[in-house]
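J.: Here it is, the structure in full.
The values are calculated or read from the model by the stated rules, or taken from the named source; none is laboratory data. Source: prediction; values computed, not measured. Cβ placement follows ideal geometry from the backbone for every residue including glycine, while neighbour counts extend to all protein chains displayed. The protein model used for the area step is the full one, side chains on, heavy atoms only, and it has no ligands, DNA or RNA in it. Shrake-Rupley method; radii C 1.70, N 1.55, O 1.52, S 1.80 Å.
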Amino acid sequence: MTTPPSDDGVTEGVGRTALLVAAGRAIETHRADSLAQDPYAEHLVRAAPDSVHWPIRIEDVPDGDANPLWGRLGRYFGLRTRVIDDFLLSAAARRAGGQVVQLGAGLDTRPFRLDWPAGTTLFEIDREHVLSFKHTVLDRLGARTTAPLRSIAADLRDDWSSALLDAGFAPDRPSVWLAEGLLLYLPAEAERQLIDTVDRLTVGDGELFYEIKLHESAEIRADPLYAVARQEFGIDLLGLFDTEPRRPSTATLAERGWSTQVRTSHHFTLEYGAGPPRARPDALSSNRWVFADRVRATTTPTETPTAPATRLRGDPPRTRPSDLLLDGVE
Ligand SMILES: C[S@@+](CC[C@H](N)C(=O)[O-])C[C@H]1O[C@@H](n2cnc3c(N)ncnc32)[C@H](O)[C@@H]1O
């Protein structure tokens with residue numbers, strides 16, 4: 001086990017952002033045109049003293065969908081949840097008998113609410129306080145995992161690979177990795193180490209989803225969703241984001257044989273038919289979702305290796321050089 005979590009409980013700092021995402025998922029769950037269903041989210045929001053009065057339905061928000069935090073960021077979380085649900089389930093089905101590792105899992109409940117293919121093993125890593133809060137609430141609700149789950153308390157700024165291996169992760173089995181809403185908060189060195197560790201521990205086939213934020217201009221930082229989060233809910237997102245310059249991670253992955261696709265949430269709004277409305281300024285326009293995969297195909301000299309398909313719906317084109325320019329915080 002690496003350095004034990006210290007200052008950050010579920011209601012403090014970055015841990016509090018996990019509650020924000022859970023509230024977004026609760027609201028999404030109750031929408032008439034819901035993209036994702038998380039029946040546990042509202043219970044997690046209600047269980048933390050600081051969020052007990054937060055909205056869990058869009059009808060609880062005085063300005064409803066016009067509210068930049070719950071109407072727009074909340075909807076973004078709903079869409080992201082659905083896109084990742086679909087990605088993880090199809091990736092787990094492709095990687096039979098594989099392992100799914102959620103880095104910075106927060107209050108995510110996929111191990112309890114998704115129908116995982118037989119033989120899948122799940123791992124989640126976050127701070128001790130965040131995980132113990134989540135599992136206390138879920139235990140109280142009688143929630144049961146649908147696949148074996150190993151929860152690991154670790155600080156992702158440290159070396160977390162030995163904790164994962166100690167928990168039973170097998171590098172030679174196929175693996176699917178997720179860093180949802182995480183890299184935005186990690187220093188450049190921790191991001192570099194995370195990509196390095198995912199690559200090193202993916203000895204077999206692997207797939208990876210992660211989210212990044214591009215450099216935000218002063219105009220974008222004036223998006224009212226930041227002010228509402230800070231003033232009304234005590235979450236200073238701009239203060240929590242780590243804007244240290246970093247090397248584009250897609251370039252690192254490409255050097256190591258991974259294929260990547262970089263997408264905006266808008267791409268999936270069009271695909272799924274619902275999502276956060278456009279706004280100006282729009283902080284969500286600087287977020288990017290990266291899908292990466294690597295297949296250790298055995299080829300004979302006469303075979304031509306082809307780019308592995310991630311088989312997302314709509315199957316957009318593979319990585320182009322221009323996609324690589326989108327990555328990283330400038
Ligand atoms: C915005 S939340 C997202 C949680 C979850 N992935 C989701 O989408 O619901 C960010 C999560 O990353 C975790 N996190 C941030 N920095 C971390 C670190 N250094 N070590 C472990 N976890 C960290 C936080 O505790 C929090 O749960």
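J.: Just to verify a result, which residue in the range 148-157, among those that are open to solvent by 10 Å² or more (accessible area, probe 1.4 Å) and more than 8 Å from the ligand (Cβ to nearest atom), is farthest from V176 (Cα to Cα)?
T.: Per the stated criteria, the residue is A153.
J.: V10 fails exactly one of the following numbered conditions: (1) in contact with a His (Cβ under 7 Å, 6 or more places away or on another chain); (2) within 14 Å of the ligand (Cβ to nearest atom); (3) modelled with pLDDT of 95 or more. What is the number of that condition?
T.: Looking at each condition in turn, V10 falls short on (3).
J.: State all residues of the range 174-203 that are polar (S, T, N, Q) and open to solvent by 10 Å² or more (accessible area, probe 1.4 Å); if no residue qualifies, say none.
T.: Q193
J.: I would also like to ask the following. Check off (1) assigned to a strand (DSSP E or B); (2) among the polar types (S, T, N, Q); (3) under 19 Å from D86 (Cα atoms) for T146 and give me the number that stays unchecked.
T.: Only one criterion in (1) assigned to a strand (DSSP E or B); (2) among the polar types (S, T, N, Q); (3) under 19 Å from D86 (Cα atoms) is unmet by T146, namely (1).
J.: Here are some conditions: (1) at pLDDT 95 or above; (2) small (G, A, S); (3) open to solvent by less than 40 Å² (accessible area, probe 1.4 Å). S217 meets all but one. Which one does it not meet?
T.: (3)
J.: Name the helices (runs of 4 or more DSSP H) wholly inside the range 27-142 in which the number of residues that are open to solvent by 50 Å² or more (accessible area, probe 1.4 Å) is 3 or more.
T.: Result: 74-94, 128-140.
J.: Conditions first: (1) on the phi < 0 side of the Ramachandran plot; (2) open to solvent by less than 50 Å² (accessible area, probe 1.4 Å); (3) in contact with a helix residue (DSSP H, G or I) (Cβ under 6 Å, 6 or more places away or on another chain). L253 passes all but one, so which condition is the exception?
T.: Checking L253 against (1) on the phi < 0 side of the Ramachandran plot; (2) open to solvent by less than 50 Å² (accessible area, probe 1.4 Å); (3) in contact with a helix residue (DSSP H, G or I) (Cβ under 6 Å, 6 or more places away or on another chain), the one that fails is (3).
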